[in-house]
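Notes to accompany the following structure.
The values are calculated or read from the model by the stated rules, or taken from the named source; none is laboratory data. Note that the structure is a prediction, hence the values are computed from the model and not measured. Because the Cβ atoms are built from the backbone with ideal geometry, glycine has one as well, and the counts that use them run over all protein chains shown. All accessible areas refer to the heavy atoms of the entire protein, side chains included, with ligands and DNA or RNA removed. Shrake-Rupley method; radii C 1.70, N 1.55, O 1.52, S 1.80 Å.
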Amino acid sequence: LAVADRRVSARQGEPRIETMRAEGADRPGSAGASRVTLSDHGHQLVVERRVLGVTGASDAELETITAALLAEEIPLPLVIADLWGAEGALRGERLTAFELLRPRREVVRDSRPLFRWGALKDAVSYQVFVVDSRHTTVLSSGRLSARITEWRPPTPLSRGGGYTWTVSANVHGDEQLSPTLSEAEWKFQVMTDAEVRQLKHLESRTQSHLARGIFYARAGLITDAESEFKKLLIENEDSIAVRRLLERVQSWR
């Protein structure tokens, strides 16, 4: 996570939601379909050289949307690449049969994110630990009942910070960790205040599932992007372009 933290600190306060001109925006036939028609939150969108029908988006944002839809592709955000940890050499045996669910190698907008994990048979209790980039435990849930498989911290994490989280399950005195020492760490990053403000500004201007999905994805908000593309796919069940955008974002997990 050190690399990710250095990159964040070097641009602290700078929005990650890029709206600059997208490469290939003037070459609609270079990849994917040359013309796309979609239903989007009650509006009809037509995309050829420029998407038509997305209200509230700037010219630069429209070019970004057009390029992504016609190419059926969203580039992997740098922040997501940074959050993926290498598997590394085995450092211990796999002890548990339960897994973490969310947040999973993504950016979160809430500084008090909801941590969720799968249940482990015979577990007596769980405990969540959140560690910062200096390997310091900054949050701990304390012992949680075996009936509880989610936890939201009472105090916020620092915005712009990168974190790793684990869950310890107590099975009649035997502590079992997820992830284990042999697995990749589960990392996430909290949006900065500037990024949250820019995101809210975008949301105030458009309700387009397509626009929101693309810019959520570019910001590393994988869960939010998935949600928007799933809604768009419900309105456009036969759209290969929308399905591929959804699959692209899902592949980042």
Whole-number accessible area per residue in Å² for region 119-253, which is evaluated in the context of all protein chains at 1.4 Å: 45
Region 129-253, relative contact order in percent, only Cα pairs under 8 angstrom and at least six apart counted: 15
Candidates per GluC sites (Glu not before Pro) in region 169-249, loop by DSSP, up to 10 other Cβ within 10 Å: E237
Efficiency of FRET from Cβ geometry, T180 and E237, R₀ 41 Å, rounded to 0.05: 0.55
